[in-house]
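Read the structure below first, then the notes.
The values are calculated or read from the model by the stated rules, or taken from the named source; none is laboratory data. Just so you know, these numbers come straight off a predicted model, no measurement behind them. Every residue, glycine among them, receives a Cβ derived from its backbone with ideal geometry; neighbour counts consider all protein chains shown.
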Amino acid sequence: MAALSWSPLPSISLLIILSLSSLCISNPDHPSNPINGSQDIHDILPEFNLPKGIIPDGVKSYTLSNQDGSFTVNMEHPCYVKFLDEQLVYYNKVIKGKLSYGKVSHVSGIQAKKLFIWVPVSGMEMDTDTGMVEFYVGAFSQKFPAQQFEAIPSCMKKEASSTSIIKSRSFWVNNYNFL
């Protein structure tokens, strides 16, 4: 009768393979992999019922958590955007917050100029019934037409004053003939 021999090598190999494979399997109820900029952030915003122009151009990278919607946007540099209604907004180099359907909350890194004071923007909410985007600044809020944020605005490295914009416009009008 032949004796059976037992070798611990296959059992150890199987144990190592099972251990490594369990590290690669994630729980589908709690995905841990954030979205790392594989899609343009401006294309993701409409999927959350938000206009793509609430974030200017100049985005270097971003992450978006599948778990809780928290995000980080890394800009190429801090910048200013002047919207159509002459509202001046400052975007820091790093912008953070939480993204949910029709809403951005817990925002940091965005400020709006009110009169002569810079105030932090803490959130934004889309009202599809009225077609307005409501911006929250502390206990206050202000609504703007969503059409104002359909186009992706360009970043300016420096704050543009109203007088420099007027001078720039008059230069173009005075120095070029328009048909």
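Do you know which residues across the stretch 69-115 are farther than 16 Å from L45 by Cα, among the aromatic types (F, W, Y) and assigned to a strand (DSSP E or B)? Result: Y80, Y90, Y91. Which of the residues that make up the stretch 94-135 are more than 18 Å from P56 (Cα to Cα) and of a type in the set (K, R)? Matches in the stretch 94-135: K114 only. Could we say that I110 is at pLDDT below 95, β-branched (V, I, T) and under 26 Å from H77 (Cα atoms) here? Against the criterion (at pLDDT below 95, β-branched (V, I, T) and under 26 Å from H77 (Cα atoms)), I110 does not qualify. Restricted to the stretch 85-112, and to residues there that are touching a residue at least 40 places away in the same chain (Cβ under 8 Å) and closer than 16 Å to C155 by Cβ, the residue that is surrounded by the most Cβ atoms within 10 Å (Cβ to Cβ) is Y91. Listed by position, the strands (runs of 3 or more DSSP E) enclosed by the stretch 116-179 include none that has at least 1 residues that are touching a helix residue (DSSP H, G or I) at 6+ places or on another chain (Cβ under 6 Å), among the small types (G, A, S) and modelled with pLDDT under 90. Residues that are over 21 Å from Y136 (Cβ atoms), out of contact with any helix residue (DSSP H, G or I) (no Cβ under 9 Å at 6 or more places or on another chain) and surrounded by 14 or more Cβ atoms within 10 Å (Cβ to Cβ) within the stretch 41-62 comprise just one, G58.
Give me a count of the residues in the stretch 70-84 that are touching a Pro at 6+ places or on another chain (Cβ under 8 Å) and loosely packed, with under 14 Cβ neighbours inside 10 Å. Selection size over the stretch 70-84: 0.
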